[in-house]
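Read-outs: derived from the displayed coordinates by stated rules, not from any lab. This is a predicted model, so every value here is computed, not measured. Cβ atoms come from the backbone with ideal geometry, glycine included; neighbour counts cover every protein chain shown.
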Amino acid sequence: MVMKTKCSSITKERIFAASLLIPCFVFVCIFAFYPILYSFFLSLHRIILGLPSIGQPFIGLENYRELLHDRIALRSLITTFAFVSVSTFFEILFGLIIALVINRHFRGRGLVRAAILVPWAIPTVVSAQMWRFICNDNYGFLNYILFGADISKYRAWLADPFFAFAAIVTADVWKTSSFAALLILAGLQTIPDELYETAKIDGANAWQRFRRITLPLIKPAILIALLFRTIDAFRVFDLVFVMTQGGPADSTNVLQFYGYKKIFAEGFMGYGSTISVLVFITVFVLSLVYIRLIRTRLFTET
Amino acid sequence: MKLSKLIFCGITFVIVFMSLLPFVWFVNTSLKTQAEVTAIPPKLASSGSLHFYRSTIEEHDLLHYVKNSVIVAGATTCITLFISILSAYVLARLRLKYKGVIMGSLLLVSMFPQISIAGPVWKIMQSLGWLNTYQGLIIPYVTLTLPLGIWILTGFFRELPKELEDAARIDGCNRIQTLYKIVVPLAAPGIFTAAILVFIYAWNEFFFALLIMTQRKFQTLPIGIALFQGQYTLPWGEIAAASTVATVPLVLLVFFFQKRIVSGLSAGAVKG
């Protein structure tokens, strides 16, 4: 009898389950998936926020053709890729070092972990203002460390294309290395201690143990951290908005900032949307790779 | 052996030092006087003046920004958690097809670059007349934090012992009663973890706040901090003071709940 009620209740359970998911569906469909499609729709039209009189004429792929010939957009694409690769590289490197440190057992480990999490928790806008102040030509800490009281040597770091880019990378690496560290730490914790014990008995030194045991075993975790950071670095905006406004000479004009400027500052809703679509497709492809990587876990658990 | 320990301590010290120093420098700046902030070359010590805190409150409406941030982040946290609990319960416990697809799509949403939905979200809010309203910002925040909440809670719900729920069902509880009488209290630590992470996200978010809140009356702290203007130069002292106010609650959260945050972050990103 128990079996019978159980079977007939499966459909009921499914309907009930689906109904609990409705609020989530409503939010995600209306404010995440629909806007993606809508962005694509907008990108096929000429829409200028300041000129409502021209309406929304359909212009096909005209905006995309324009994008191909937009030198600032190309520059912006290169800047974005440069930012993503340089900052991700350092985040993974520092993340690995931090993870190795906080994986050890020592007194005060909790406090060290908390201290490392502080940059992660700080609002990006705050960290941007902070680094902007550190790089300030007159009152900045950086000039003071480098040149002391010799104010004739003080430089306006953010007015220099190369150093402005470096400052944005530094601010991002400072803020997010700890996050990369946590992802790598999760991988480190799955390595059984016995492996190290055996290696020690066999006479392997610390470097050999790291090369032959740690590194191969945390490769998946590093890969996940790498992808996660890459995807997130594509979204850099707050740092650029506060520290450089894309300048000097477009040296920090990343795609997300360029798109924001086109749509909201200049009002080219249609053309700006092509940039939205471009950024989305790039991140979408990366996300699919990422999801494939962790899918094994996804399905073994469901 | 001794040497390796020394190196280890050295590296640990450098890491902690580099993590804290820039921010400590900024907090220190907020405690200076105007003359100390604009000294060239910079002066290291501050006189511990609260001048900038007073002027930020009186001239820059700091408390107003704080109020808006509390309302937006608080409401986002509550709504996201409520919806996440319902959804995570389904994904962890009930029989339903396409669970993998649902989890995957949520993960995808959490990776959306803001710019790819910014224009349309702004247009939707404009046509609803919700620009410069709390709901105009809370709704996008709920959407963008739902994946985080659902992923963390699904993980926590799965690890709860099923027997208690079965016992409650036999005692005559229906599904909803089982959820809020048994599952929610048992998963309280997990719910709290999700709450911290969602709150931090909403408290720190800048991009959508910039688009939706164009009037000062509704702007949140990050917007205030980014857009503070002085008469002639940037008001660095006030910016540092407001930054400290915006960050102190987060630093406290981190120091008290470091373990939860670490487990929540790795669960959200790696494990599911």
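Which order, highest average first, do A:114-124, A:239-249 follow once you tally other Cβ atoms within 10 Å for each residue and take the mean per peptide?
Per-residue Cβ counts within 10 Å, averaged per peptide and sorted highest first, yield A:114-124, A:239-249.
Given a cut-off of under 8 Å on Cα pairs at least six residues apart, what relative contact order in percent is computed for the stretch B:63-271?
Once normalised by length, the contact order is 33 percent.
With a ≥ b ≥ c the root eigenvalues of the C-alpha gyration tensor of chain A, is it rounded (a/c under 1.5), prolate (a/b larger than b/c) or oblate?
oblate
Residues of B:244-256, mean number of Cβ from any other protein chain within 10 Å of their own Cβ, rounded to a whole number? Spell out each step's value before the answer.
Numbers: counts 1, 1, 4, 7, 0, 1, 7, 6, 1, 3, 10, 8, 1.
That works out to 4 on average.
For B:37-49, what's the mean count of beta carbons from other chains sitting within 10 Å of each residue's beta carbon? Numbers along the way, then the final one.
Numbers: counts 2, 2, 2, 9, 11, 11, 2, 2, 0, 0, 0, 0, 0.
Mean shielding by partner chains, rounded to a whole number: 3.
Quick check on packing: order B:183-192, A:37-46 by the mean number of other C-beta atoms within 10 Å, highest mean leading.
A:37-46, B:183-192
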Sorting check: for B:46-55, B:241-250, which peptide has the highest mean count of neighbouring beta carbons within 10 Å, and how do the rest follow? B:241-250, B:46-55
Listed residue (A:Ile47, A:Phe163, A:Val285) projecting farthest to the positive dipole end of the protein assembly as shown, Cβ model: A:Val285
Number of partner chain Cβ atoms within 10 Å, mean per residue of B:137-143: 3
Need one word for the protein assembly as shown: rounded, prolate or oblate. Basis is the Cα gyration tensor (sqrt eigenvalues a ≥ b ≥ c); a/c below 1.5 gives rounded, then a/b vs b/c decides. oblate
Heads up, the stretch B:1-80 by the C-alpha gyration tensor (a ≥ b ≥ c square roots of eigenvalues; a/c under 1.5 rounded, else a/b over b/c prolate, else oblate) looks oblate
Post the alpha-carbon centroid distance, the stretch A:69-132 to the stretch B:223-252, in whole angstrom. 22 Å
Can you give me the relative contact order of the stretch A:73-301 as a percent, contacts being Cα pairs under 8 Å and 6 or more apart? 28 percent
What pairs in B:Lys97/B:Lys259; A:Lys262/B:Lys97; A:Lys175/B:Lys67; B:Lys97/B:Lys123; A:Lys261/B:Lys97 have C-alpha atoms more than 32 Å from each other? B:Lys97/B:Lys259; A:Lys262/B:Lys97; B:Lys97/B:Lys123; A:Lys261/B:Lys97
For chain A, what is the calculated [θ] at 222 nm in deg cm²/dmol (nearest 500), taking -39500 (n - 2.57) for each run of four or more DSSP H residues and dividing by its residue count? -23000 deg cm²/dmol
Given +1 on the Cβ of Lys and Arg, -1 on the Cβ of Asp and Glu, and no further charges, what dipole in debye does the protein assembly as shown carry about its Cα centre, rounded to the nearest 20? 1520 debye
Could you give the angle, 0 to 90 degrees to the nearest 10, between helix B:2-30's Cα long axis and the longest principal axis of the Cα atoms of chain B? 70 degrees
Just grab the label-to-label distance for A:Ile151 and A:Glu66, each label 7 Å out from Cα along the Cβ direction, in nm (one decimal). 4.8 nm
